[in-house]
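**Q** I have a structure here, written as structure tokens, and I will follow up with some questions on it.
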Amino acid sequence: MPYHLSVRIDPNSGFCFGVIYAIQMAEDLLDEQGYLYCLGDIVHNDEEVERLQRRGLRIIDYDQLAKLREEAVLIRAHGEPPSTYQMALENNLTLIDASCPVVLKLQNRIKSSFDRSEKIFIYGKHGHAEVRGLLGQTSGQAVVFENLEELLQHELPQNITLYSQTTKSTDSFYRVKENLEERGYQVNANDTICRQVSNRDKDLRRFAAQFDQVVFVSGTKSSNGKVLYQVCRDTNPATHFISKAEELCPSWFQPGQSVGICGATSTPMWQMEQVRDMLLAF
């Protein structure tokens, strides 16, 4: 029995400009030379990474980078610490730098704060690619924390310079700032959160509220995906997380229901279109 679902893709979902820029750069170079090295996953989405690998993208890690000589290597949107640029110089590598401008600006601000000997605290995810690049601006001396409880376990100076990974939630960043001020600390808060990411929060709430069911498409490694999925679920409990179209389950839906499809800043539009086509075929 056909389900006759009415399906709509969120026009505000899909790649942010930083990711669009990096992938465009990779595709142009793949067309030109047939292969390209990329340091780390170009985007936190396995399906998109596989699509580009089929076109010749070679994902490498730091150990493999150290062994490369005289090659071109793409730096993805997340950015890199100074040590990566140093290694490239030593190994005669050409870096194709697709670091997101928002991330580069943040790296520069952190570097300036560090040069002024400020005590720097970064609200972000341990080990995240972007955070590694930020930490590198301080020779590894800044303190990274994932939540207030973790931050308060540190011995805190009276004057705190606060930064944030670009994809964190603005609300929770300001909650950390206010909590520290209530405890009597002087906080120099630098809101470096990307508005293209944080504005999705409001857009998504509006979008998710309009449908009987919501399908959220994201790679499992995307931290931004985890945050935005939660936003959808809070608004519409009938939200399903999938990382590819094959994970769709007909039993989630009733005939004639309306379904909204949305995704993370690392979810390609082609993937959401695949999900739409599969839903329409139910």
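**Q** Quickly run through the stretch 219-238 and pick out the residues that are open to solvent by 70 Å² or more (accessible area, probe 1.4 Å) and farther than 27 Å from His126 by Cβ. Walk me through it before giving the result.
**A** Our first condition is that a residue be open to solvent by 70 Å² or more (accessible area, probe 1.4 Å); within the stretch 219-238, this holds for 220-221, 226, 230, 233-234, 237.
Matches in the stretch 219-238: Pro237 only.
**Q** Still on this structure, please answer the following. Take the residues in the stretch 202-217 that are over 17 Å from Ser6 (Cα atoms) and either surrounded by fewer than 18 Cβ atoms within 10 Å (Cβ to Cβ) or at pLDDT 95 or above (or both), then tell me which one is farthest from the chain's Cα centre (by Cα). Spell out the reasoning first.
**A** Kept after step one, since they are over 17 Å from Ser6 (Cα atoms), are these residues of the stretch 202-217: 202-206, 217.
Right, trim to either surrounded by fewer than 18 Cβ atoms within 10 Å (Cβ to Cβ) or at pLDDT 95 or above (or both) and you get 202-203, 205-206, 217.
Numbers: Lys202: 17, Asp203: 17, Arg205: 19, Arg206: 22, Val217: 14 Å.
Checked the stretch 202-217; the qualifying residue farthest from the chain's Cα centre (by Cα) is Arg206.
**Q** Quick check: is even one residue across the stretch 239-247 of a type outside the set (Asp, Glu), touching a residue at least 40 places away in the same chain (Cβ under 8 Å), more than 24 Å from Tyr123 (Cβ to Cβ) and surrounded by fewer than 23 Cβ atoms within 10 Å (Cβ to Cβ)?
**A** Start the filter on the stretch 239-247 by keeping residues that are of a type outside the set (Asp, Glu), which leaves 239-245.
Next cut, touching a residue at least 40 places away in the same chain (Cβ under 8 Å) only: 243-244.
So of that shortlist, the ones also more than 24 Å from Tyr123 (Cβ to Cβ) come out as 243-244.
Now drop any that are not surrounded by fewer than 23 Cβ atoms within 10 Å (Cβ to Cβ), which leaves 243-244.
Yes, the stretch 239-247 contains at least one residue that is of a type outside the set (Asp, Glu), touching a residue at least 40 places away in the same chain (Cβ under 8 Å), more than 24 Å from Tyr123 (Cβ to Cβ) and surrounded by fewer than 23 Cβ atoms within 10 Å (Cβ to Cβ).
**Q** Could you give me the residue pairs with C-beta distances under 9 Å whose first residue belongs to the stretch 91-118 and is touching a residue at least 60 places away in the same chain (Cβ under 8 Å) and under 23 Å from Leu74 (Cα atoms), whose second residue is open to solvent by 80 Å² or more (accessible area, probe 1.4 Å) and among the aromatic types (Phe, Trp, Tyr) wherever it lies, and which are 6+ apart or on separate chains?
**A** Listed by first residue and then by second, the contacts come to Ala98/Tyr21; Cys100/Phe17; Cys100/Tyr21; Pro101/Phe17; Pro101/Tyr21; Val102/Phe17.
**Q** Can you report the number of residues in the stretch 136-180 which are touching a residue at least 40 places away in the same chain (Cβ under 8 Å), outside any helix (DSSP H, G or I) and not aromatic (Phe, Trp, Tyr)?
**A** Looking only at that region, the number is 11.
**Q** Looking at Arg206, is it basic (Lys, Arg), without any contact (Cβ under 8 Å) to a residue 12 or more places away in the chain and closer than 17 Å to Tyr123 by Cβ?
**A** Working: basic (Lys, Arg): yes; without any contact (Cβ under 8 Å) to a residue 12 or more places away in the chain: yes; closer than 17 Å to Tyr123 by Cβ: no.
Taking the combined requirement at face value, the residue does not satisfy it.
**Q** Only residues that are closer than 17 Å to Arg51 by Cβ and either open to solvent by 10 Å² or more (accessible area, probe 1.4 Å) or of a type in the set (Phe, Trp, Tyr) (or both): list them for the stretch 270-282, please. Write out each step before concluding.
**A** Step one: list which residues in the stretch 270-282 are closer than 17 Å to Arg51 by Cβ, which gives 270-275, 277.
Answer for the stretch 270-282, where residues must be closer than 17 Å to Arg51 by Cβ and either open to solvent by 10 Å² or more (accessible area, probe 1.4 Å) or of a type in the set (Phe, Trp, Tyr) (or both): Trp270, Glu273, Gln274, Asp277.
**Q** Which residue out of Val7, Val43 is of a type outside the set (Lys, Arg), more than 22 Å from the chain's Cα centre (by Cα) and under 21 Å from Met269 (Cα atoms)? Full working, then the answer.
**A** On the way: Val43 fails: more than 22 Å from the chain's Cα centre (by Cα).
On inspection, the qualifying residue turns out to be Val7.
**Q** Give the residues of the stretch 1-58 that are within 29 Å of Gln257 (Cα to Cα), in contact with a Ser or Thr (Cβ under 7 Å, 6 or more places away or on another chain) and of a type in the set (A, V, I, L, M), sorted by residue number.
**A** If the condition is that a residue be within 29 Å of Gln257 (Cα to Cα), in contact with a Ser or Thr (Cβ under 7 Å, 6 or more places away or on another chain) and of a type in the set (A, V, I, L, M), then no residue fits.
**Q** Would you say Tyr185 is open to solvent by less than 50 Å² (accessible area, probe 1.4 Å) and not polar (S, T, N, Q)? Steps first, answer last, please.
**A** Working: open to solvent by less than 50 Å² (accessible area, probe 1.4 Å): no; not polar (S, T, N, Q): yes.
The answer is no for Tyr185.
**Q** How many residues does the stretch 56-89 hold that are free of Cβ contacts under 8 Å to residues at least 40 places away in the same chain, surrounded by 14 or more Cβ atoms within 10 Å (Cβ to Cβ) and out of contact with any strand residue (DSSP E or B) (no Cβ under 9 Å at 6 or more places or on another chain)? Before the answer, list the steps.
**A** We begin by selecting, within the stretch 56-89, every residue free of Cβ contacts under 8 Å to residues at least 40 places away in the same chain; these are 56-71, 73, 75, 85-89.
Applying the additional criterion that residues be surrounded by 14 or more Cβ atoms within 10 Å (Cβ to Cβ) yields 56-60, 65, 68, 71, 73, 75, 85, 87-88.
Within this subset, residues satisfying the condition of being out of contact with any strand residue (DSSP E or B) (no Cβ under 9 Å at 6 or more places or on another chain) are 87.
The total comes to 1.
**Q** Let me ask another. Within the stretch 11-28, which residues are surrounded by fewer than 19 Cβ atoms within 10 Å (Cβ to Cβ) and among the hydrophobic types (A, V, I, L, M, F, W, C)? Spell out the reasoning first.
**A** Filtering the stretch 11-28 for residues surrounded by fewer than 19 Cβ atoms within 10 Å (Cβ to Cβ) gives 11-12, 17, 20-21, 24, 27-28.
Phe17, Ile20 - these are the residues of the stretch 11-28 that are surrounded by fewer than 19 Cβ atoms within 10 Å (Cβ to Cβ) and among the hydrophobic types (A, V, I, L, M, F, W, C).
**Q** Within the stretch 248-269, can you find the residues that are crowded, with 24+ Cβ neighbours inside 10 Å and within 17 Å of Phe15 (Cβ to Cβ)?
**A** Once the filter is applied, which keeps residues that are crowded, with 24+ Cβ neighbours inside 10 Å and within 17 Å of Phe15 (Cβ to Cβ), the stretch 248-269 yields Ile261, Cys262, Gly263, Ala264, Thr265, Ser266, Thr267.
**Q** Another question about this same structure. If you check Thr170, Thr161, Thr138, Thr192, which single one turns out to be modelled with pLDDT under 95 and open to solvent by less than 20 Å² (accessible area, probe 1.4 Å)?
**A** Thr192
**Q** I've got another one for you. Quick one: Leu39 ticks every box in (1) in contact with a strand residue (DSSP E or B) (Cβ under 7 Å, 6 or more places away or on another chain); (2) open to solvent by 10 Å² or more (accessible area, probe 1.4 Å); (3) within 14 Å of Glu130 (Cα to Cα); (4) of a type outside the set (Val, Ile, Thr) except a single one, so which number is it?
**A** Going through the list (1) in contact with a strand residue (DSSP E or B) (Cβ under 7 Å, 6 or more places away or on another chain); (2) open to solvent by 10 Å² or more (accessible area, probe 1.4 Å); (3) within 14 Å of Glu130 (Cα to Cα); (4) of a type outside the set (Val, Ile, Thr), Leu39 breaks only (2).
The values are calculated or read from the model by the stated rules, or taken from the named source; none is laboratory data. Computed from a predicted model, the values in this text were never measured in an experiment. Please note: Cβ atoms are built from the backbone with ideal geometry, for glycine as well, and neighbour counts cover all protein chains shown. SASA here: full protein model, heavy atoms, side chains in, ligands and nucleic acids out. Shrake-Rupley method; radii C 1.70, N 1.55, O 1.52, S 1.80 Å.
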